[in-house]
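The structure appears below as C-alpha coordinates.
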Amino acid sequence: MEDWAEIRRLYLSEGMSGRAIARRLGVSRGAVGRALASEEPPRYSRPARGSAVDGFEAAIRVLLSEFPEMPASVIAERVGWCRSGSVLRARVAQLRPLFVPPDPASRTSYDPGQLAQCDLWFPPVEVPLGHGQAGRPPVLVMVSGYSRVIGAVMLPSRQAPDLIAGHWLLLGRLGAVPRALVWDNESAVGSWRAGRPKLTAEFEAFRGMLGIRVIQCRPRDPEAKGLVERANGYLETSFLPGRAFDSPADFNAQLEEWLCRANARHHRVLGCRPADRFDADRAAMLALPPVTPSLGWRTSVRLPRDYYIRLDGNDYSVDPSVIGRRVEVLADLSTVTISCAGRTVAAHERCWARHQTITDPQHRAAAKALQARPRVTAPPSSGEVEQRALSDYDKAFGLAEEAVA
(Lines give C-alpha, C1' and ligand atoms only; values in the text may rest on other atoms or scores of the structure.)
Protein backbone atom coordinates (compact mmCIF):
# COMPACT_ATOMS: atom_id res chain seq x y z
CA MET A 1 0.00 0.00 0.00
CA GLU A 2 2.76 2.48 0.96
CA ASP A 3 4.85 1.61 -2.13
CA TRP A 4 1.81 2.05 -4.40
CA ALA A 5 1.07 5.50 -2.97
CA GLU A 6 4.72 6.60 -3.09
CA ILE A 7 5.21 5.35 -6.65
CA ARG A 8 2.21 7.35 -7.84
CA ARG A 9 3.40 10.44 -5.96
CA LEU A 10 6.87 10.31 -7.45
CA TYR A 11 5.53 9.79 -10.95
CA LEU A 12 2.64 12.27 -10.88
CA SER A 13 4.01 14.99 -8.60
CA GLU A 14 7.77 14.74 -8.99
CA GLY A 15 7.80 13.72 -12.65
CA MET A 16 10.29 10.90 -12.12
CA SER A 17 10.62 8.13 -14.67
CA GLY A 18 9.68 4.55 -13.92
CA ARG A 19 13.34 3.44 -13.98
CA ALA A 20 14.33 6.18 -11.48
CA ILE A 21 11.44 5.27 -9.21
CA ALA A 22 12.39 1.56 -9.26
CA ARG A 23 16.02 2.42 -8.45
CA ARG A 24 15.04 4.81 -5.66
CA LEU A 25 12.52 2.53 -3.93
CA GLY A 26 14.38 -0.71 -4.61
CA VAL A 27 11.49 -2.35 -6.48
CA SER A 28 11.23 -3.92 -9.88
CA ARG A 29 10.19 -1.93 -12.92
CA GLY A 30 7.26 -4.30 -13.32
CA ALA A 31 5.99 -3.37 -9.85
CA VAL A 32 6.25 0.30 -10.79
CA GLY A 33 4.29 -0.34 -13.98
CA ARG A 34 1.54 -2.22 -12.14
CA ALA A 35 1.24 0.55 -9.54
CA LEU A 36 0.92 3.24 -12.18
CA ALA A 37 -1.67 1.23 -14.10
CA SER A 38 -3.88 0.65 -11.02
CA GLU A 39 -6.26 3.45 -10.00
CA GLU A 40 -7.14 1.69 -6.72
CA PRO A 41 -4.84 0.51 -3.94
CA PRO A 42 -3.88 -3.16 -4.10
CA ARG A 43 -5.89 -5.57 -1.99
CA TYR A 44 -4.94 -9.02 -0.86
CA SER A 45 -7.45 -11.61 -2.00
CA ARG A 46 -7.59 -15.32 -2.35
CA PRO A 47 -10.17 -17.61 -3.90
CA ALA A 48 -13.01 -18.54 -1.56
CA ARG A 49 -12.89 -22.07 -0.19
CA GLY A 50 -15.95 -24.22 -0.03
CA SER A 51 -17.82 -24.86 3.21
CA ALA A 52 -18.92 -28.16 4.69
CA VAL A 53 -22.49 -26.91 4.69
CA ASP A 54 -22.53 -26.55 0.89
CA GLY A 55 -23.42 -30.21 0.51
CA PHE A 56 -26.50 -29.72 2.76
CA GLU A 57 -27.78 -26.55 1.15
CA ALA A 58 -30.16 -28.31 -1.23
CA ALA A 59 -31.82 -30.19 1.65
CA ILE A 60 -32.02 -26.98 3.68
CA ARG A 61 -33.77 -25.20 0.83
CA VAL A 62 -36.31 -28.02 0.54
CA LEU A 63 -37.18 -27.76 4.24
CA LEU A 64 -37.39 -23.95 4.21
CA SER A 65 -39.62 -23.97 1.14
CA GLU A 66 -42.18 -26.03 3.06
CA PHE A 67 -41.55 -24.73 6.60
CA PRO A 68 -40.06 -21.22 6.39
CA GLU A 69 -40.08 -20.71 10.18
CA MET A 70 -38.42 -24.02 11.07
CA PRO A 71 -35.65 -23.42 13.67
CA ALA A 72 -32.07 -24.04 12.63
CA SER A 73 -31.68 -26.67 15.36
CA VAL A 74 -34.53 -28.70 13.87
CA ILE A 75 -33.11 -28.28 10.37
CA ALA A 76 -29.75 -29.62 11.61
CA GLU A 77 -31.49 -32.72 12.96
CA ARG A 78 -33.50 -33.30 9.79
CA VAL A 79 -30.55 -32.99 7.39
CA GLY A 80 -28.16 -34.93 9.62
CA TRP A 81 -25.76 -32.07 10.39
CA CYS A 82 -23.16 -33.14 12.99
CA ARG A 83 -20.68 -30.26 12.85
CA SER A 84 -20.65 -26.82 14.47
CA GLY A 85 -24.11 -25.38 14.91
CA SER A 86 -22.98 -21.81 14.26
CA VAL A 87 -21.95 -22.65 10.69
CA LEU A 88 -25.36 -24.12 9.90
CA ARG A 89 -27.22 -21.26 11.63
CA ALA A 90 -25.31 -18.74 9.54
CA ARG A 91 -26.30 -20.49 6.30
CA VAL A 92 -29.93 -20.87 7.41
CA ALA A 93 -30.06 -17.15 8.28
CA GLN A 94 -28.74 -16.42 4.80
CA LEU A 95 -31.30 -18.66 3.05
CA ARG A 96 -34.42 -18.03 5.17
CA PRO A 97 -35.25 -14.57 3.70
CA LEU A 98 -35.60 -16.24 0.30
CA PHE A 99 -38.63 -18.16 1.56
CA VAL A 100 -40.19 -15.75 4.10
CA PRO A 101 -41.97 -12.68 2.73
CA PRO A 102 -40.49 -9.44 4.09
CA ASP A 103 -42.33 -7.77 6.97
CA PRO A 104 -41.05 -4.19 7.14
CA ALA A 105 -41.88 -1.96 10.09
CA SER A 106 -42.42 1.55 8.76
CA ARG A 107 -41.53 4.57 10.85
CA THR A 108 -44.63 6.58 11.67
CA SER A 109 -44.52 10.34 11.84
CA TYR A 110 -47.01 12.47 13.76
CA ASP A 111 -48.27 15.98 13.30
CA PRO A 112 -48.12 18.47 16.19
CA GLY A 113 -50.93 17.93 18.67
CA GLN A 114 -52.15 14.82 16.85
CA LEU A 115 -52.06 12.22 19.62
CA ALA A 116 -50.47 10.84 22.75
CA GLN A 117 -49.89 7.17 23.53
CA CYS A 118 -50.83 5.90 27.00
CA ASP A 119 -50.05 2.76 28.97
CA LEU A 120 -49.79 1.40 32.51
CA TRP A 121 -46.30 0.54 33.69
CA PHE A 122 -45.83 -1.65 36.75
CA PRO A 123 -42.34 -0.85 38.10
CA PRO A 124 -40.50 -3.92 39.42
CA VAL A 125 -39.86 -2.38 42.84
CA GLU A 126 -41.71 -2.62 46.14
CA VAL A 127 -43.02 0.79 47.24
CA PRO A 128 -44.05 1.22 50.92
CA LEU A 129 -47.80 1.90 51.06
CA GLY A 130 -48.12 2.44 54.80
CA HIS A 131 -49.56 0.23 57.57
CA GLY A 132 -46.71 -2.23 57.06
CA GLN A 133 -47.67 -2.96 53.46
CA ALA A 134 -45.68 -2.62 50.25
CA GLY A 135 -46.72 -3.12 46.66
CA ARG A 136 -46.29 -2.20 43.02
CA PRO A 137 -48.99 0.34 42.14
CA PRO A 138 -49.46 1.13 38.45
CA VAL A 139 -47.81 4.12 36.82
CA LEU A 140 -49.75 5.91 34.09
CA VAL A 141 -47.33 6.84 31.28
CA MET A 142 -48.26 9.29 28.49
CA VAL A 143 -45.99 10.10 25.52
CA SER A 144 -46.78 12.83 23.00
CA GLY A 145 -46.38 11.58 19.44
CA TYR A 146 -44.82 14.70 17.90
CA SER A 147 -42.54 16.01 20.65
CA ARG A 148 -41.94 12.68 22.49
CA VAL A 149 -42.45 14.49 25.80
CA ILE A 150 -43.05 11.90 28.56
CA GLY A 151 -45.46 12.34 31.45
CA ALA A 152 -46.00 9.80 34.22
CA VAL A 153 -47.64 9.48 37.64
CA MET A 154 -48.16 6.58 40.05
CA LEU A 155 -51.83 5.79 40.79
CA PRO A 156 -53.48 4.11 43.79
CA SER A 157 -55.23 1.62 41.50
CA ARG A 158 -55.97 0.84 37.85
CA GLN A 159 -59.71 1.38 38.29
CA ALA A 160 -61.49 3.93 36.11
CA PRO A 161 -61.85 6.77 38.68
CA ASP A 162 -58.12 6.74 39.48
CA LEU A 163 -57.11 6.25 35.84
CA ILE A 164 -59.19 9.22 34.68
CA ALA A 165 -57.91 11.38 37.54
CA GLY A 166 -54.36 10.48 36.49
CA HIS A 167 -55.12 11.53 32.90
CA TRP A 168 -56.39 14.88 34.11
CA LEU A 169 -53.26 15.42 36.20
CA LEU A 170 -50.92 14.70 33.27
CA LEU A 171 -52.99 16.80 30.86
CA GLY A 172 -52.85 19.65 33.34
CA ARG A 173 -49.05 19.43 33.31
CA LEU A 174 -49.10 19.57 29.52
CA GLY A 175 -51.40 22.56 29.62
CA ALA A 176 -53.41 21.24 26.65
CA VAL A 177 -55.17 18.14 25.35
CA PRO A 178 -53.93 16.01 22.41
CA ARG A 179 -56.61 15.41 19.80
CA ALA A 180 -56.46 11.64 20.37
CA LEU A 181 -55.29 9.22 23.04
CA VAL A 182 -54.01 5.77 22.06
CA TRP A 183 -54.75 2.90 24.45
CA ASP A 184 -54.59 -0.86 24.44
CA ASN A 185 -57.33 -3.08 25.87
CA GLU A 186 -57.08 -1.84 29.45
CA SER A 187 -60.23 -2.94 31.29
CA ALA A 188 -60.94 0.54 32.71
CA VAL A 189 -60.63 2.08 29.21
CA GLY A 190 -62.38 -0.41 26.95
CA SER A 191 -61.99 -3.60 24.97
CA TRP A 192 -62.64 -5.15 21.58
CA ARG A 193 -66.00 -6.90 21.34
CA ALA A 194 -67.25 -8.70 18.25
CA GLY A 195 -64.39 -7.22 16.25
CA ARG A 196 -65.12 -3.63 17.28
CA PRO A 197 -63.62 -1.36 19.96
CA LYS A 198 -65.90 -0.41 22.83
CA LEU A 199 -65.07 2.17 25.49
CA THR A 200 -66.32 1.95 29.06
CA ALA A 201 -69.03 4.40 30.08
CA GLU A 202 -66.64 6.31 32.37
CA PHE A 203 -64.01 6.80 29.65
CA GLU A 204 -66.64 7.63 27.05
CA ALA A 205 -67.88 10.42 29.28
CA PHE A 206 -64.34 11.65 29.93
CA ARG A 207 -63.39 11.84 26.26
CA GLY A 208 -66.68 13.61 25.55
CA MET A 209 -65.85 16.32 28.12
CA LEU A 210 -62.43 16.78 26.47
CA GLY A 211 -63.75 16.57 22.90
CA ILE A 212 -61.12 14.06 21.72
CA ARG A 213 -60.82 10.59 20.20
CA VAL A 214 -59.66 7.47 21.99
CA ILE A 215 -57.96 5.00 19.63
CA GLN A 216 -58.06 1.42 20.93
CA CYS A 217 -55.34 -0.84 19.57
CA ARG A 218 -56.22 -4.27 18.36
CA PRO A 219 -55.34 -7.16 20.68
CA ARG A 220 -51.77 -8.46 20.49
CA ASP A 221 -50.49 -5.44 18.55
CA PRO A 222 -47.69 -3.89 20.65
CA GLU A 223 -46.21 -2.05 17.67
CA ALA A 224 -49.32 0.16 17.55
CA LYS A 225 -48.08 2.05 20.62
CA GLY A 226 -44.35 1.55 20.38
CA LEU A 227 -43.58 5.07 21.66
CA VAL A 228 -45.00 4.44 25.11
CA GLU A 229 -43.64 0.88 25.22
CA ARG A 230 -40.14 2.25 24.68
CA ALA A 231 -40.80 4.92 27.29
CA ASN A 232 -41.69 2.17 29.79
CA GLY A 233 -38.37 0.48 29.09
CA TYR A 234 -36.56 3.81 29.39
CA LEU A 235 -38.14 4.41 32.80
CA GLU A 236 -37.16 0.94 33.96
CA THR A 237 -33.53 1.21 32.86
CA SER A 238 -32.81 4.89 33.50
CA PHE A 239 -35.10 6.01 36.33
CA LEU A 240 -35.34 3.04 38.70
CA PRO A 241 -31.69 1.87 39.12
CA GLY A 242 -30.10 3.09 42.34
CA ARG A 243 -33.27 4.65 43.78
CA ALA A 244 -35.21 3.94 46.96
CA PHE A 245 -38.70 5.17 47.79
CA ASP A 246 -40.38 5.93 51.12
CA SER A 247 -43.94 6.18 49.83
CA PRO A 248 -45.97 6.67 46.64
CA ALA A 249 -45.71 10.43 47.18
CA ASP A 250 -41.92 10.13 47.31
CA PHE A 251 -41.99 8.00 44.14
CA ASN A 252 -44.03 10.65 42.29
CA ALA A 253 -41.82 13.48 43.53
CA GLN A 254 -38.65 11.76 42.31
CA LEU A 255 -40.33 10.77 39.04
CA GLU A 256 -41.52 14.30 38.28
CA GLU A 257 -38.06 15.74 38.96
CA TRP A 258 -36.41 13.10 36.75
CA LEU A 259 -38.87 13.66 33.88
CA CYS A 260 -37.85 17.31 33.68
CA ARG A 261 -34.31 16.18 32.88
CA ALA A 262 -35.42 13.29 30.66
CA ASN A 263 -37.50 15.59 28.44
CA ALA A 264 -34.49 17.90 28.08
CA ARG A 265 -32.16 15.13 26.85
CA HIS A 266 -31.08 14.80 23.21
CA HIS A 267 -33.44 12.40 21.41
CA ARG A 268 -31.60 10.35 18.81
CA VAL A 269 -34.56 9.84 16.44
CA LEU A 270 -35.73 13.46 16.62
CA GLY A 271 -32.24 14.89 16.43
CA CYS A 272 -33.12 17.41 19.14
CA ARG A 273 -34.58 17.60 22.64
CA PRO A 274 -38.28 16.77 23.15
CA ALA A 275 -38.61 20.07 24.98
CA ASP A 276 -37.53 21.89 21.80
CA ARG A 277 -40.60 20.58 19.93
CA PHE A 278 -43.07 20.86 22.78
CA ASP A 279 -44.19 24.45 22.16
CA ALA A 280 -45.26 23.63 18.60
CA ASP A 281 -46.88 20.42 19.85
CA ARG A 282 -48.89 22.18 22.56
CA ALA A 283 -49.95 25.00 20.24
CA ALA A 284 -51.70 22.48 17.98
CA MET A 285 -53.50 20.71 20.85
CA LEU A 286 -56.97 21.47 22.14
CA ALA A 287 -57.47 23.75 25.13
CA LEU A 288 -58.29 22.30 28.52
CA PRO A 289 -61.95 22.59 29.52
CA PRO A 290 -62.60 25.87 31.40
CA VAL A 291 -64.37 23.95 34.17
CA THR A 292 -62.74 20.97 35.85
CA PRO A 293 -64.83 17.89 35.04
CA SER A 294 -66.14 15.54 37.70
CA LEU A 295 -63.21 13.29 38.42
CA GLY A 296 -62.24 10.60 40.87
CA TRP A 297 -64.50 8.54 43.05
CA ARG A 298 -68.01 9.97 43.49
CA THR A 299 -70.76 8.16 45.32
CA SER A 300 -73.68 8.83 47.64
CA VAL A 301 -74.56 6.53 50.55
CA ARG A 302 -76.59 6.64 53.74
CA LEU A 303 -74.25 6.72 56.71
CA PRO A 304 -74.76 3.60 58.89
CA ARG A 305 -74.65 3.50 62.66
CA ASP A 306 -70.96 2.57 62.74
CA TYR A 307 -70.27 5.96 60.96
CA TYR A 308 -67.79 4.54 58.38
CA ILE A 309 -67.91 4.52 54.59
CA ARG A 310 -65.93 2.10 52.39
CA LEU A 311 -63.86 3.28 49.44
CA ASP A 312 -61.49 1.14 47.36
CA GLY A 313 -61.23 -1.52 50.06
CA ASN A 314 -60.65 0.87 53.02
CA ASP A 315 -63.04 2.26 55.65
CA TYR A 316 -63.02 5.98 56.51
CA SER A 317 -64.74 7.51 59.55
CA VAL A 318 -67.41 10.21 59.28
CA ASP A 319 -68.81 12.63 61.83
CA PRO A 320 -71.42 10.50 63.68
CA SER A 321 -73.81 13.46 63.93
CA VAL A 322 -75.04 12.64 60.40
CA ILE A 323 -75.79 8.97 61.05
CA GLY A 324 -78.80 7.91 59.01
CA ARG A 325 -78.46 10.81 56.57
CA ARG A 326 -77.18 10.63 53.00
CA VAL A 327 -73.58 11.74 52.51
CA GLU A 328 -71.63 12.54 49.33
CA VAL A 329 -68.22 10.87 48.96
CA LEU A 330 -65.54 12.46 46.75
CA ALA A 331 -62.02 11.02 46.44
CA ASP A 332 -59.10 11.94 44.22
CA LEU A 333 -55.56 10.57 44.07
CA SER A 334 -54.60 12.01 47.47
CA THR A 335 -57.68 12.90 49.55
CA VAL A 336 -61.08 11.54 50.57
CA THR A 337 -63.77 14.12 51.37
CA ILE A 338 -67.28 13.38 52.69
CA SER A 339 -69.99 16.04 52.85
CA CYS A 340 -73.61 16.19 53.98
CA ALA A 341 -76.01 18.92 52.80
CA GLY A 342 -73.05 20.97 51.59
CA ARG A 343 -71.13 20.67 54.88
CA THR A 344 -67.83 18.76 55.07
CA VAL A 345 -68.20 16.04 57.68
CA ALA A 346 -64.92 14.16 57.02
CA ALA A 347 -61.57 14.75 55.29
CA HIS A 348 -58.87 12.08 55.12
CA GLU A 349 -55.67 11.43 53.24
CA ARG A 350 -56.14 8.67 50.66
CA CYS A 351 -54.83 5.36 52.00
CA TRP A 352 -52.89 3.31 49.42
CA ALA A 353 -52.73 0.21 51.61
CA ARG A 354 -55.58 -2.29 51.56
CA HIS A 355 -58.17 -3.41 54.15
CA GLN A 356 -57.46 -0.58 56.58
CA THR A 357 -59.73 1.40 58.90
CA ILE A 358 -58.95 5.13 58.96
CA THR A 359 -60.42 6.89 62.02
CA ASP A 360 -60.40 10.60 62.83
CA PRO A 361 -59.92 11.03 66.62
CA GLN A 362 -62.57 13.77 66.63
CA HIS A 363 -65.10 11.38 65.12
CA ARG A 364 -64.33 8.75 67.77
CA ALA A 365 -64.71 11.34 70.56
CA ALA A 366 -68.00 12.58 69.11
CA ALA A 367 -69.31 9.03 68.95
CA LYS A 368 -68.40 8.40 72.60
CA ALA A 369 -70.12 11.62 73.62
CA LEU A 370 -73.29 10.62 71.80
CA GLN A 371 -73.20 7.17 73.35
CA ALA A 372 -72.87 8.68 76.85
CA ARG A 373 -76.06 10.75 76.58
CA PRO A 374 -79.07 9.49 78.59
CA ARG A 375 -81.47 7.57 76.43
CA VAL A 376 -84.99 8.91 75.98
CA THR A 377 -87.52 6.22 77.04
CA ALA A 378 -91.30 6.03 76.64
CA PRO A 379 -93.49 6.84 79.71
CA PRO A 380 -94.41 3.82 81.82
CA SER A 381 -97.73 2.17 80.92
CA SER A 382 -100.59 1.71 83.46
CA GLY A 383 -100.95 -1.85 82.34
CA GLU A 384 -104.68 -1.43 81.41
CA VAL A 385 -105.65 -2.10 77.80
CA GLU A 386 -108.97 -0.88 76.47
CA GLN A 387 -111.22 -3.60 75.15
CA ARG A 388 -113.93 -2.77 72.59
CA ALA A 389 -117.13 -4.65 71.93
CA LEU A 390 -117.30 -6.80 68.81
CA SER A 391 -120.35 -4.84 67.63
CA ASP A 392 -118.14 -1.81 67.20
CA TYR A 393 -116.07 -3.68 64.60
CA ASP A 394 -119.27 -4.85 62.87
CA LYS A 395 -120.40 -1.25 62.55
CA ALA A 396 -116.97 -0.19 61.22
CA PHE A 397 -117.11 -2.77 58.40
CA GLY A 398 -120.84 -2.36 57.69
CA LEU A 399 -121.76 -5.82 58.92
CA ALA A 400 -124.48 -4.68 61.35
CA GLU A 401 -126.75 -3.24 58.56
CA GLU A 402 -126.46 -6.44 56.52
CA ALA A 403 -127.57 -8.52 59.52
CA VAL A 404 -130.69 -6.30 60.05
CA ALA A 405 -131.66 -6.54 56.36
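Would you call residue 311 surrounded by 12 or more Cβ atoms within 10 Å (Cβ to Cβ) and at pLDDT 90 or above? Yes: the conditions hold for residue 311.
Take the residues in the range 134-154 that are in contact (Cβ under 8 Å) with a residue 60 or more places away in the chain and in a loop (DSSP other than H, G, I, E, B); name whichever of them is farthest from residue 230 (Cα to Cα). Checked the range 134-154; the qualifying residue farthest from residue 230 (Cα to Cα) is 137.
Taken across the range 210-233, residues that are crowded, with 17+ Cβ neighbours inside 10 Å, more than 18 Å from the chain's Cα centre (by Cα) and at pLDDT 90 or above do occur, with at least one present. Evaluated against (1) over 15 Å from the mean Cα position of the chain (by Cα); (2) assigned to a loop (DSSP other than H, G, I, E, B), residue 157 falls short on exactly one condition, (1). State yes or no: is residue 109 exposed (fewer than 12 other Cβ atoms within 10 Å of the Cβ) and either touching an Asp or Glu at 6+ places or on another chain (Cβ under 8 Å) or more than 30 Å from residue 182 (Cβ to Cβ) (or both)? Against the criterion (exposed (fewer than 12 other Cβ atoms within 10 Å of the Cβ) and either touching an Asp or Glu at 6+ places or on another chain (Cβ under 8 Å) or more than 30 Å from residue 182 (Cβ to Cβ) (or both)), residue 109 does not qualify.
So for the range 188-204 (the condition being part of a helix (DSSP H, G or I), touching a residue at least 24 places away in the same chain (Cβ under 8 Å) and crowded, with 22+ Cβ neighbours inside 10 Å), does at least one residue qualify?
No, every residue in the range 188-204 fails to be part of a helix (DSSP H, G or I), touching a residue at least 24 places away in the same chain (Cβ under 8 Å) and crowded, with 22+ Cβ neighbours inside 10 Å.
Regarding residue 159, is this residue closer than 18 Å to residue 207 by Cβ and of a type in the set (S, T, N, Q)? Yes, satisfied. Do we have any residue at all in the range 102-113 that's in the same structural domain as residue 220 (by TED's automatic domain parsing) and among the basic types (Lys, Arg)? So far as the range 102-113 goes, no, none of its residues is in the same structural domain as residue 220 (by TED's automatic domain parsing) and among the basic types (Lys, Arg). Those residues that are surrounded by 15 or more Cβ atoms within 10 Å (Cβ to Cβ) and touching a residue at least 24 places away in the same chain (Cβ under 8 Å), I need them from the range 5-23; list them, please. 7, 8, 11 - these are the residues of the range 5-23 that are surrounded by 15 or more Cβ atoms within 10 Å (Cβ to Cβ) and touching a residue at least 24 places away in the same chain (Cβ under 8 Å).
Of the residues 115, 129, 120, which is touching a Lys or Arg at 6+ places or on another chain (Cβ under 9 Å), buried (at least 16 other Cβ atoms within 10 Å of the Cβ) and over 30 Å from residue 357 (Cβ atoms)?
On the way: 129 fails: over 30 Å from residue 357 (Cβ atoms); 120 fails: over 30 Å from residue 357 (Cβ atoms).
Testing whether each residue is touching a Lys or Arg at 6+ places or on another chain (Cβ under 9 Å), buried (at least 16 other Cβ atoms within 10 Å of the Cβ) and over 30 Å from residue 357 (Cβ atoms) leaves just 115.
Go through the range 338-358 and report how many residues are outside any strand (DSSP E or B) and loosely packed, with under 15 Cβ neighbours inside 10 Å.
The total comes to 4.
The values are calculated or read from the model by the stated rules, or taken from the named source; none is laboratory data. In this text, all values refer to a predicted model and were calculated from it rather than measured experimentally. No Cβ is skipped: glycine too gets one built from the backbone with ideal geometry, and neighbour counts run over all protein chains shown.
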